[in-house]
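Following: one structure in structure tokens, then a few remarks.
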Amino acid sequence: MSTRGVVTKRYTSDHEWVSYDSDTSVGTVSITHYAQSALGDVVFVELPEVGTEITQGDQIGAVESVKAASDIYAPVSGIVKEVNNALGDQPGLLNKSPEGDGWLCKIQLTKPAELETLLTDKAYKEHCESG
């Protein structure tokens, strides 16, 4: 019987999320549904470059909408392994599926313990409700 890795999803107070797979040590990063609804229609997404070494809290990209521009910050430290190039042609994927097809990048985590400093689903919902 093989054991399956655990997938952990955590959030930042700046409305990014990371879904971490313990089998691969890779975290998928994007913005939350709350963030995309606050931004409105996304018209441009700036992504980090593959191979970039990042530290938790670094600016890794930006999202521009018809209403505003917002920087994206790394929820965890690591190396960018993949970016979602589909967002170049279809930035609206961030609105349609911010926690699915609208992912921004995949990061090979160098400090998985940082996940413990991020918000759980419950804590993030409370953060959003407190305004």
Problem - Computed accessible area, LEU118, all protein chains, 1.4 angstrom probe, square angstrom - result: 30
Practice task
Give the relative contact order (percent, whole number) for the chain; include only Cα pairs under 8 Å separated by 6+ residues.
Solution key: 28
Practice task
Scan region 1-50 for trypsin sites (Lys or Arg not before Pro) in coil per DSSP, keeping those whose Cβ has at most 10 other Cβ atoms within 10 Å, and list them by number.
Solution key: ARG4
Problem - FRET efficiency, 1/(1 + (r/R0)^6) with R0 35 Å, evaluated for ASP89 and ALA113 via beta carbons - result: 0.45
Practice task
Filter the trypsin sites (Lys or Arg not before Pro) in region 46-104 down to the DSSP loop ones having no more than 15 other Cβ atoms within 10 Å, then list what survives.
Solution key: LYS67
Fill in the blank from the handout: For the pair VAL66 and GLU49, the simple spin-label estimate (label points 7 Å beyond Cα toward Cβ) gives in nm 3.4
Problem - CD proxy at 222 nm, helix term only [per DSSP H run n ≥ 4: -39500 (n - 2.57); per residue of the chain; nearest 500] - result: -4000 deg cm²/dmol
Problem - Structure-derived Cα extents along the principal axes in Å - corresponding label in (1) 47, 32, 21; (2) 48, 35, 29; (3) 78, 40, 27 - result: (2)
Problem - Greater than 20 Å apart at Cα, pairs in LYS81/LYS125; LYS9/LYS122; LYS96/LYS122 - result: LYS81/LYS125; LYS96/LYS122
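The values are calculated or read from the model by the stated rules, or taken from the named source; none is laboratory data. Remember, it's a predicted structure, so these values are computed and weren't measured experimentally. Every residue, glycine among them, receives a Cβ derived from its backbone with ideal geometry; neighbour counts consider all protein chains shown. These accessible areas exclude ligands, DNA and RNA; they are computed on the full protein's heavy atoms, side chains included. Shrake-Rupley method; radii C 1.70, N 1.55, O 1.52, S 1.80 Å.
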